[in-house]
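Here the structure comes first, spelled out in structure tokens, and everything after it is commentary.
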Amino acid sequence: MLSSTVILATLLYAGLGLVIFVVGFWLWDRLTPVDLWGEICKNQNVALGNLAAGIAIAIAIIIGAAIHG
């Protein structure tokens, strides 16, 4: 049976992971010399979109591994 402590810890870790993910992706976006969203949306740069997706997945895997232990 799930206790309230387990549910609270799960929600806390999920929220912490989301915050770290958003900050990490935002930081990567700011450090790149190109306007990421302008290139993806306006110029339909599929290669840059694939790169952004790969970076997002990599950041998520790293955060998940760090939280899991």
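For L51 and Y13, FRET efficiency with R0 = 30 Å and r from the beta-carbon atoms, rounded to 0.05? Efficiency, from the Cβ-Cβ distance: 0.60.
Helix 4-31 versus the longest principal axis of the chain: what is the Cα-based angle in degrees, 0 to 90, to the nearest 10? Approximately 20 degrees, to the nearest ten. The angle separating the long axis of helix 46-68 from the principal Cα axis of greatest extent in the chain is about 20 degrees. Over the chain, accessible surface divided per residue gives 78 Å², non-protein components excluded, 1.4 Å probe. Coordinate range of the alpha-carbon atoms in the chain per principal axis, descending: 51, 20, 15 Å.
Here L27 and H68 are evaluated by their C-beta separation; at R0 = 22 Å the FRET efficiency comes out at 0.50.
The values are calculated or read from the model by the stated rules, or taken from the named source; none is laboratory data. Fair warning: this is a prediction, and the values are worked out from it, not measured in the lab. Virtual Cβ from ideal backbone geometry, glycine too; neighbours counted across all protein chains shown. All accessible areas refer to the heavy atoms of the entire protein, side chains included, with ligands and DNA or RNA removed. Shrake-Rupley method; radii C 1.70, N 1.55, O 1.52, S 1.80 Å.
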